[in-house]
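Colleague: What follows is a single structure, and I will ask about it in a moment.
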Amino acid sequence: MLLVQNILVILVSFSYLISAEQQNKYEVYQKLQQDLESMKFENEARFKKTDTKISNMEGRISQQDEIIRKQQELIKRLQRNQELQKHTRQVSVQKKVALTYRTSGDQSSLGADHTIKFDRRITDVFNSYSSSTGIFTAPVGGYYAFVLDTRTLPGRICWIDAVKNGVPIATNYMEAPSGQEDSETSFAIVRLDTGDQVWVRNKVYHGHSCGLDDLANFSGFLLYQDL
């Protein structure tokens, strides 16, 4: 608006300059020069104020950007802390499963698919093995390790499997010469869902009668639980 007014002033001054008498033209010219100088100073002052406002706005925008950046960093730290706390809670409630059982006496005549019952409890942290059925039942899902150690009666041939839900996961094959024993140890790592079962059974090998002494033992433990 002020620029329009300045232009109008210039136009009016020129018009007056053209129509003025010769003696007044010099005075009008001086007045026009003064008006132009005044307009120049006013415009320079206005531009300076505008530059100052723009500079101030840029400064405020820069401050806002810095605030936003710090807030984003804070949000990321909070998210990492929440994830760490969640993981810590999950680890803190992880169940502990560990067991070792042995047989209390010789088992001289084992039939086909006969479940071998380890009835001497050494340790069972979660009470997950039943000595009456010979079955371990997984209390939680995760990865488990099992160790099967067996020894035959003299002169016996045995094929002993550790099975998960009926599927073999480890095998002890022993062939003892007459008058001597033979022993075998196997190890397996397997993933179990909650409720999966593991047990040890005899597999008749070519009709041979298997017999185990009282040194057989079965152990297992939870490596890590599903999160």
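Colleague: Residue check: is residue 140 out of contact with any Cys (no Cβ under 8 Å at 6 or more places or on another chain) and either within 11 Å of residue 220 (Cα to Cα) or assigned to a strand (DSSP E or B) (or both)?
Modeller: no
Colleague: Here's another thing I want to ask about it. Considering only residues that are under 40 Å from the mean Cα position of the chain (by Cα) and farther than 13 Å from residue 99 by Cα, which ones fall in the stretch 133-152?
Modeller: 133, 140, 141, 142, 143, 149
Colleague: Another question, if that's okay. For a quick check of your reading: which strands (runs of 3 or more DSSP E) sit entirely within the stretch 144-227 and have at least 2 residues that are without any contact (Cβ under 8 Å) to a residue 40 or more places away in the chain and either in the same structural domain as residue 122 (by TED's automatic domain parsing) or in contact with a Phe, Trp or Tyr (Cβ under 6 Å, 6 or more places away or on another chain) (or both)?
Modeller: 157-164, 167-175, 183-192
The values are calculated or read from the model by the stated rules, or taken from the named source; none is laboratory data. In this text, all values refer to a predicted model and were calculated from it rather than measured experimentally. Neighbour counts run over all protein chains shown; Cβ positions are idealised from the backbone, glycine included.
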